[in-house]
Each structure stands twice: as structure tokens, then as C-alpha cells.
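Rule-based calculations on the coordinates, nothing more; no lab input. Quick caveat, the model's predicted, so the values are computed rather than measured. A quick note on method: Cβ atoms are made from the backbone with ideal geometry, for glycine too, and the neighbour counts reach across all protein chains shown.
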Amino acid sequence: DDGSRLWLKYDLIQDEAYRKSVQKAFRQIIVLDQTETTQVAADELQKALSGFTGKTISINNSPANKSIVLKLGSDPRIQKNEGFTISSTSKGAEIISPSDEGLLYGAFALIRRIQTGQSLDFELAESPKVQVRMLNHWDNANGTVERGYAGSSIWKWFELPYRIDPRYIEYARANASIGINAASINNVNASSRFLTAEYLEKIKAVADVLRPYGIKVFISVNFRSPRTLGGLETSDPLDPGVRQWWKYKTEEIHRYIPDFGGYLVKANSEGEPGPQDYGRTHADGANMLADAMKGHEGVVIWRAFVYEADPNGDRFKEAFNQFKPLDGTFHPKVIVQVKNGPIDFMPREPFHPMFGVFPKTPLAMEFQITQEYLGHSTHLTYLAPMFEEVLDSDTYAKGEGSTVGKVIDGSLNNYQVTVMAGVANTGSDANWTGHPFGQSNWYAFGRLAWDHTLSSEQIAEEWTKMTLTKKPKAVKEVVDLMMKSHPTYVKYTYPLGLAHMMGEGHHYGPQPWLEKSGRPDWTSVYYHRTAKDGIGFDRTGGMSDALSLYSPDVQKAWGDPQTMDLNYLLWFHHLDWDYELPTGKTVWNELMTRYYQGVDEVEELQKQWNSLKPYIDQEIFENVKGRLAIQHKEALWWRDSCYLYFKQFSEKPLPVGLEEPKRTLEDVKELEHIYHLR
Ligand SMILES: CO[C@H]1[C@H](O)[C@@H](O)[C@H](O)O[C@@H]1C(=O)O
């Protein structure tokens, strides 16, 4: 099994009694309302049930007993257009939705039920919590993927619009199966090329493939396009010629793609052009594009990932400071997309302080599914617990229970448009994501975008049963291993709330010693602030007052190292090496203990995976086993590097019982070359 089928594995059900009951209950599929999308739903059900039962199931259009009926209609339990109900018994099932997309999601929900071996007797009513559930591809026109670790781009621009790669359809199925209904197809570091007629024709071809699966296409735009493509002398958002250019361009796009999703914009960030180049604000830029969208359904998603190169400033605060004064000035079609944390997709960040405090501007969540800072496609890191931690964090913006999830789903501030985006980890590798477990992160992102109250265990269990094994004992082990993987990764890389010490450029492996970089706020020392007197970034007023951006309750929760969640400790406090933590250990000893535990835990993961050999497809088993061996080697690399580097400042020995590395700081500094990273 090369993993190319993802979780959509419709193999013969092994449990004979269950297989017979499925066969008896669902003898045919009835489509009462014929559309492209209901056809897709029926085809999928047919494919799934034929696979599960080994019998060919037919599709018809007049009601009959013992069938799966797909029917457009309403039900008081359905809260949103894409919602659905399923009434299922041992004598057939009925799926109802006000929209054909809802019928498609209902079909996949029924398939998932059967695939995970659940009772056929059930009532289900679901509606997505977030409207736009989106993948952001950082894919370039030349086929490379920024921060992509699974081969080249899945979009073959040089073949489009002439040849449609069948993988586009597989991609659409996979997304629809987890409720993803939008995709921005190109990198936010955007080439203007994507707005040329030549490319619009290609993008149209992709949009036409994705449409029946309920997926809308977005384009990332380069703010300088009026100059680059239009030959204008400026791209000033208040210039009438520029405004007109975007208006025409937007009309042109709609001639190709009538249901165009909208624009995604990275502006005045990491060298990208933007409205500030002309003395204008983010709101001026976003509102101009929103005006151009007038009369259309589309929206403008404007990213808040902005920061300045100020060695004395605190990058943590910059997006907040630039955007907070603009709340209330954005066009209703604008959504501001905020990364989950204030810095940049670190393995663990406190939730971004912008969440909760933008009552007049819808904020979107941007998660990163691709593992830029989380071991690329080598380290096994199940990300759902991290996503969940952020979504469940309490902003206290409107009192207790004002979670980030409620900000994102619009219920806290009554947002009109709601968005959750994930930076995709898809690529041309046969199994789509490089690491077989990378698939679980794509899956989990979609499930959480649909319903952020699902638990990461439940999602892991579903995914495991659909993808790897249905044997209860093995499922339990795999889920356990997945649930441990992120905390383990954090322990051997960034324990106690450290951040941003990865190798420059490639963002892989440790480089805590990085003192000089392309920018002063891209060094490691800027973040960990290690010195003879201790470690950590004091954001309680000393080095920065960033903690004050949060509500008083959060400040209280994170203001005191004696009572706070130690996972965020060094994000907010600079502490003496000898400072005694509530664990009874000093900061130094706690830090080192965690680094060493992290490596031990990778050994545990290896053992656990090895014990699963009888239950897992051989090819997948060996694939993961090999990657775990590299992960172990690299966990040691992180541990030894961080210990040997920090020791220069703490001048302390390892806690008793921990074994001294056999190599020196000079040795570990060389590993970057030895491991083929430079
Ligand atoms: C697309 O650029 C990326 C950049 O590669 C990445 O290192 C950083 O995480 O964030 C940037 C962003 O999110 O804009």
C-alpha cells in the first residue's frame, strides 16, 4: 500500500456479520435531485459500498426500500446550508440537506460511519461551525512548494488547461470527505502571473474540476500587480486608476470562474509589496480589493502576519499594534487571517493576542499543516492536539468561555463570514504528504474546521481505522502514539515555551547559537535571550510588555511562573537558572530533564510502532519505521545541541542520572552539513 488512497480506503469489510448487515441495509442508491454534486455523492457511495460489500450497488432515481436516499430538503435540526441529517436503520438510510454540497458531506459521513464499523441504526444532524474551510497552498508557478516536504506541487501549470491530472479529482474527493470547501491555489508570496489571462484559463480548468466537490478557488495576489501587469505607475490603493484596474481584473476573473472564492493577500510582510508602500493602511488595501468584488460572492482574506526588523522591539506585538487601530474600518467583505500564535507556527505558541479583541472585524484562523517547524515530513507529529489547544484557549474577551474557537466560528462577536485556513502539506509524492502520518494532519485539520469541538483523540481514532487498521487493540496503540507525538516533539526541541531556534533558512534541526542572520529579529538569541542570569523572554514588562495585550484573566494565568502552565513559561518569563519551579526542579534541571525525556520518548514511540507490525500494511510500516529512526537520531541532535549551547551560560552540570553527550558543541554544529542541509 503506497498510501495514495489516503483515508478513502473502501476495502471489503472483514467482519462478516457486519458486512452482511451493510449489504442488506443498502442495496441501491437513490438520487432524487440530479446535479453534478449529487452525482458525485452517489458515485462515491456506490464506490464505497461496492468496495465494502464486494457487491455492485446501483444508482437509481425512483424511491425504493433498503436504499440510501439523497434528498434535497429541510430539517429543523440543520442550521446551515451545508448541513445535513442522516436517518439510518438496518433497512436503509435517508440523507437530507438544503444543498447538494450538504448531501455530499452527508454521503461521506455515512461512509465514514460504515468504514469505522459503527452501528447502522442512528440519527445524525450536523452543520459546519465555520463557513470557509480552506487549504492555503504555498505552491509556485514553477512547481516548487514553499515549505513543502512532499515532492513538487500537485498543480501542473505547464499542462493546464489542456491536461487534467486525475490527482485533481482525488484531491477534491479527499477534501470533500472532510468538509474542506475552499483552496487558495498559489503561494501567498505571490507571483502576478496568476492574474494573467494565460493563468486564469488554467485556474478555470482547476476550478471546474473542484466545483462539483463543493470546493471554491481563491487566488493569492501580488499587491503590485497593477504596475507589473497593468503598466500603471503606481499600485496605490487610493489611486482611481489602480482601483479601476482591480475592478476590471476582478470582472475578468469572474468571466472564467463565476463562483470565484476571492483573494488571499500577504502585503507588507517579509518584503512583499503592499499599501504601506504608498503611505496607506492595510484597511485601505483590503477595502479596495473588497470594493472590486462588489456584486460578487467572493471575499478578501487579508493576512495579519506582519512584523518589522527591530532588534529592540518585540515581534510578538507587531501585528496586534498594526491592526488593532483598524478594527471597525474594514469593508464587510474583508476577513483578517491571523496565525494561531503571535510569532510563526512554532511547535507551541500561546494563542495570538488578536483573537477576541476584534469585535468589528471577522478574524480567520491560519494553521500550518505542513510541518515547517515540526520536523518536515520526517518527524511523526500529530498536530490535532496543538490545533485543539489553541481553539480551546480562553481569551476571556467576553468573560469566561470566550474561546478562540468561538471567535473563529463567529459566535463570540457575530462575524458575518467565518474562515479557518490550513497551510497545505500536499505534494506530488505518491502518498501526498511524504510522512504517512502527515495525512492525519490534513484529515484532522478538515475535521476541526468543520467542527472545532471534536476531540483530537476521536479524530485520530477515525483516521486510524480508515487508514491503518481496524483491530481494536492496534487502533488504541496507534491513537496513543499519535497523541503522545506532539508533546514529545516539543520536549526535545522547544521545552518550557522556548521558540525559534531552528536552523536558518531550512528551518530544520537546531541552531540555538544563531546570533547573526538576514534580519536582527530572525536570530535565535533574540528569542531565547539566554545569558548568565538565565533564560527566556520577559514579556511581563521587563524586555517587553506583550502580556498586557491579553485580557486581565489571561495575564493572571500566565503572569506567575508558580501557577502558570509551564508549557508557556519562557514565552513570558526570563528566569534565573536556579529559579525553583513548582515541579520542585530548578529551571535548568527542568529544561534538561525535558530534553532528555523527549529523546527517551522517541525510543518509546519506536518500540510502540514496532509492536504494531502485525497489524499494519508492510510498506507503510517500513516507511514509518525508517522515518522514526531518523527522528531518533535528530532528537539526539536537538537535545545535545541545546544542552551544550545553554550550558555555556548556565555553567551547570546535567541533573544526576542523565548521561553526558559524547560530542562537543563544535561537533553538533557540523551536523547541519553532515545531515545534508547545507
Ligand atoms: C509564505 O512565506 C512564509 C515563509 O516561508 C515561512 O518561513 C514563514 O513561516 O511564514 C511566511 C508566511 O507565512 O508568509
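Note: the range 16-126, Cα convex hull, 80 Å³ per residue.
Shape of the range 132-464 from the C-alpha gyration tensor: oblate (a/c of 1.5 or more and a/b not above b/c, with a ≥ b ≥ c the square roots of its eigenvalues).
Under the definition of Cα pairs under 8 Å and six or more residues apart, what whole-number percent is the relative contact order of the chain?
Numbers: 1361 pairs, mean separation 75.8, N = 678.
It comes to 11 percent, rounded to a whole number.
Ranking HIS137, TRP637, VAL587 by Cα position along the charge dipole of the chain, where only Lys, Arg, Asp and Glu carry charges on their C-beta atoms, puts HIS137 farthest toward the positive end.
Taking the charge dipole of the chain about its Cα centre, with +1 at Lys and Arg Cβ atoms and -1 at Asp and Glu Cβ atoms, the residue from PHE320, ALA197, THR453 reaching farthest to the positive side is ALA197. Amide H contacts of TYR396: GLY401, SER402, each under 5 Å away and 5 or more positions distant or on a separate chain (H built 1.01 Å from N in the peptide plane; Pro and chain starts excluded). When shorter helices are ignored and each DSSP H run of at least 4 residues is given -39500 (n - 2.57), the per-residue value for the chain at 222 nm works out to -12000 deg cm²/dmol. Annotation: amide H of GLY262 within the under-5 Å range of ILE219, VAL299, sequence separation 5 or more or interchain, hydrogens built in the peptide plane. The length gained by stretching the chain between GLU159 and LYS613 to full extension, at 0.36 nm per residue less their Cα-Cα distance, is 159.4 nm. Sort the range 398-452 into rounded, prolate or oblate with this rule: let a ≥ b ≥ c be the square roots of the eigenvalues of the Cα gyration tensor; rounded if a/c is under 1.5, and if a/c is not under 1.5, prolate when a/b is larger than b/c, oblate otherwise. It is prolate, given that a/c is not under 1.5 and a/b is the larger ratio.
Computed over the alpha carbons of the chain, Rg followed by Dmax gives 25.5, 80 Å.
For HIS331, the amide hydrogen comes within under 5 Å of the amide hydrogens of ASN287, counting only partners 5 or more places away or on other chains and with H modelled in the peptide plane. By the beta-carbon count within 10 Å of each Cβ, the least crowded to most crowded order of VAL69, VAL206, fewest first, is VAL69, VAL206. Here the Karplus curve 6.51 cos²θ - 1.76 cosθ + 1.60, taken at θ = phi - 60°, turns the phi angles of the range 221-226 into couplings of 10, 8, 5, 8, 3, x Hz, with x standing for Gly and Pro. Against the compact-protein benchmark of 2.2 N^0.38 Å, the Cα-based radius of gyration of the range 1-73 scales to 1.17. Here the Karplus curve 6.51 cos²θ - 1.76 cosθ + 1.60, taken at θ = phi - 60°, turns the phi angles of the range 620-627 into couplings of 5, 4, 5, 4, 5, 4, x, 5 Hz, with x standing for Gly and Pro. Here the range 132-464 is treated with +1 on each Lys and Arg Cβ and -1 on each Asp and Glu Cβ, and its dipole about the Cα centre works out to around 800 debye. Available extension along the chain between GLN562 and HIS673 is 35.9 nm, counting 0.36 nm per residue and deducting the alpha carbon span. Could you give the dipole magnitude of the chain about its Cα centre, charging the beta-carbon of Lys and Arg +1 and that of Asp and Glu -1, in debye to the nearest 20? Taking the Cα centre of the chain as origin, the dipole is about 1640 debye.
Shape call for the range 537-634 from the C-alpha gyration tensor, a ≥ b ≥ c root eigenvalues: rounded (a/c under 1.5), prolate (a/b greater than b/c) or oblate? Write out the running numbers ahead of the final one.
Working: a/c = 3.35, a/b = 2.41, b/c = 1.39.
Cα axes put the range 537-634 in the prolate bin.
Could you pull out the longest piece of the chain with no exposed loop chymotrypsin sites (Phe, Trp or Tyr not before Pro) in it, calling a site exposed if DSSP puts it outside H, G, I, E, B and it has at most 13 other Cβ atoms within 10 Å? The longest uninterrupted stretch comes out as 163-678. With θ taken as phi - 60° and the Karplus curve 6.51 cos²θ - 1.76 cosθ + 1.60 applied, the whole-hertz 3J(HN,Hα) list for the range 360-366 is 10, 10, x, 9, 9, 8, 10 Hz, x standing for glycine and proline. Here the label points at THR453 and PHE122, each 7 Å from Cα along the C-beta direction, are separated by 1.7 nm in the simple model. Once both labels are positioned 7 Å from their Cα atoms along Cα-to-Cβ, the gap between THR583 and GLU603 label points is 1.8 nm.
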